[in-house]
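Notes follow the structure.
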Amino acid sequence: MKYSGLTGKVVIPGDPGYEEARQEYNEAINAYPAVIVYCSDPCDVAGAILWSRERDIELRVRSGGHSYEGYSTGTNKLVIDTACMHHVKVDAAGGTVEVQAGGRLLPLYERLYRCGYAFPGGTCPSVAISGLVLGGGIGLSTRYLGLTADSLIEAEMVDARGKLLTANHACNPELFWALRGAGGGNFGVVIGYKFRLTEPVNKITLIRLRWDDNAPARIEFLRVWQEWLPHLDRRMSAFGGIYKLGAWINAFFYGRPKEAGQILDPLLNIPGLTLENINYIPFIDAVKIIGAGYPKREAFQTAGRFVQRPFAQSELAGLIDIMDKAPSDRNSSLRVYSLGGSVRDLEIDATAFFYRQADYIMAIASSWQSEAEAPSHKEWVKAGFNYIYRITRGSYVNFPYSQTPDYERAYYGEHLRRLRRVKQEYDPCDVFSFPQSIKI
């Protein structure tokens with residue numbers, strides 16, 4: 001039998017579930033893997049790695065399927081999918097939580113909240129923990145609780161020989177360093193994580209501000225944002241942005257609404273505010289409200305860059321000019337994601353996440369409904385990225401873009417040489433390779 005030797009749930013072309021199994025979160029990715037293996041334990045993963053090597057079939061590693069450029073799949077590739085590995089184990093006495101690679105964020109948030117804890121994860125509820133933490137991991141708790149990777153204290157990985165490795169500060173420390181910011185598909189299949197629990201939480205302040213149908217608010221939002229963020233109380237993290245017709249911001253504040261309102265004063269003074277929600281609610285409700293804004297799936301392209309300095313007025317005007325040329329009134333945007341705060345508490349070389357000193361991430365994004373619309377949206381993203389690239393330094397690996405120049409240097413900065421040494425040690429035959437992987 002052609003696929004004998006593979007364990008776990010094996011899906012191949014022609015099987016009833018193949019069409020659904022091959023789909024990524026990004027509907028613009030249209031790959032046809034030779035075989036998809038849903039693994040349930042380390043043996044399934046090891047067997048799939050060795051099976052692919054024996055037959056010289058390239059492999060990809062997938063957990064939640066949210067790789068923006070589809071690097072977790074590929075036509076004629078073997079896809080190792082860890083979605084079936086989603087167990088969560090909370091050790092409140094020990095102050096830790098163990099999460100398998102396929103664990104999705106919303107169930108993880110729910111489980112931890114029942115135990116009285118928040119978690120420094122992302123905002124999209126269907127994202128799996130692997131892709132998030134291995135790229136660093138940002139969310140609406142980042143400035144207060146740090147990157148997702150900063151809470152990681154141990155990981156388990158199956159390497160290119162099918163061997164299960166433990167990585168922490170004492171065991172395989174260089175691998176552990178690399179996994180926290182550069183681990184996505186580069187060194188092996190990471191199947192489990194142990195995190196340090198954050199301090200207990202019950203309620204937080206959820207902030208949602210909108211300037212709908214208010215084009216003049218856009219440049220004022222960008223101006224206020226870059227002046228406001230460097231002095232922002234670390235208990236507040238915010239994601240926002242502008243689109244053709246207006247601006248918005250979502251934020252979490254680990255404190256009370258009255259104090260949040262004072263902190264938000266510069267933003268609240270932007271004329272034409274159409275929505276002002278500043279509510280003290282259970283943490284899990286805040287997570288669900290923000291998560292509800294994400295579609296189940298969509299076709300899109302996104303590219304993210306690190307912003308290291310304030311933009312001049314002429315540069316802000318250039319960003320507005322990009323926005324005015326967008327192919328969609330509401331589905332094309334320039335987005336901003338706050339950094340700083342706890343992210344800067346660690347030294348730059350503490351983990352593989354290099355851009356700890358950046359003020360925020362700026363992403364250009366566009367989504368579309370039909371294939372006929374795709375070219376105009378992709379052309380707009382490319383033109384906008386080319387402009388943003390000139391005024392920023394460094395790209396966020398979890399917002400990958402296939403046309404990023406010198407992508408290794410863009411994603412990993414001065415950590416690249418050290419990461420190549422880790423790659424050479426743990427994957428010398430370059431088994432874990434994809435279009436923007438770390439090269440030996």
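A few notes on this one:
- Output for the stretch 333-368, where each listed residue is under 19 Å from THR392 (Cβ atoms), polar (S, T, N, Q) and in contact with a Ser or Thr (Cβ under 8 Å, 6 or more places away or on another chain): SER333, SER338, SER366
- Of note, LEU175 does not satisfy the criterion of being assigned by TED's automatic domain parsing to the domain that holds ILE320 and hydrophobic (A, V, I, L, M, F, W, C).
- Some residue of the stretch 199-219 being on the phi < 0 side of the Ramachandran plot and modelled with pLDDT under 95: yes
- If the condition is being in a helix (DSSP H, G or I), farther than 21 Å from VAL336 by Cα and in contact with a Phe, Trp or Tyr (Cβ under 9 Å, 6 or more places away or on another chain), then the stretch 375-406 contributes only SER376.
- Close Cβ contacts (under 8 Å, 6 or more residues apart or on different chains) running from residues in the stretch 315-340 that are touching a residue at least 40 places away in the same chain (Cβ under 8 Å) and assigned by TED's automatic domain parsing to the domain that holds PHE353 to residues that are part of a loop (DSSP other than H, G, I, E, B) and among the small types (Gly, Ala, Ser) comprise SER332/ALA326; SER333/ALA326; LEU339/ALA358.
- Taken together, THR166, THR274 contain a single residue that is without any contact (Cβ under 8 Å) to a residue 40 or more places away in the chain and not assigned by TED's automatic domain parsing to the domain that holds GLY70, which is THR166.
- Positions within the stretch 419-429 being under 24 Å from the mean Cα position of the chain (by Cα) and either in the same structural domain as THR75 (by TED's automatic domain parsing) or without any contact (Cβ under 8 Å) to a residue 40 or more places away in the chain (or both), in sequence order: ARG420
- Unmet criterion (only one of (1) of a type in the set (A, V, I, L, M, F, W, C); (2) surrounded by 14 or more Cβ atoms within 10 Å (Cβ to Cβ); (3) without any contact (Cβ under 8 Å) to a residue 60 or more places away in the chain) for MET85: (3)
- Residues of the stretch 84-135 that are of a type in the set (Val, Ile, Thr) and closer than 26 Å to GLU24 by Cα: VAL88, VAL99, THR123, VAL127, ILE129, VAL133.
- Residues satisfying the stated conditions in the stretch 240-266, i.e. among the polar types (S, T, N, Q) and outside any helix (DSSP H, G or I): ASN250
- Verdict on SER52 being within 23 Å of PRO435 (Cβ to Cβ), in a helix (DSSP H, G or I), modelled with pLDDT of 95 or more and among the small types (Gly, Ala, Ser): yes
- Hits in the stretch 204-251 (condition: of a type outside the set (Val, Ile, Thr), in contact (Cβ under 8 Å) with a residue 60 or more places away in the chain and farther than 16 Å from TYR360 by Cα): LEU206, ARG208, LEU209, ARG210, TRP211, ASP212, ASP213, ASN214, ARG218, TYR243, LYS244, LEU245
The values are calculated or read from the model by the stated rules, or taken from the named source; none is laboratory data. Just so it is clear, the model here is predicted, and its values are computed rather than measured. Ideal geometry is used to build each Cβ from the backbone, glycine not excepted, and the neighbour counts take in all protein chains shown.
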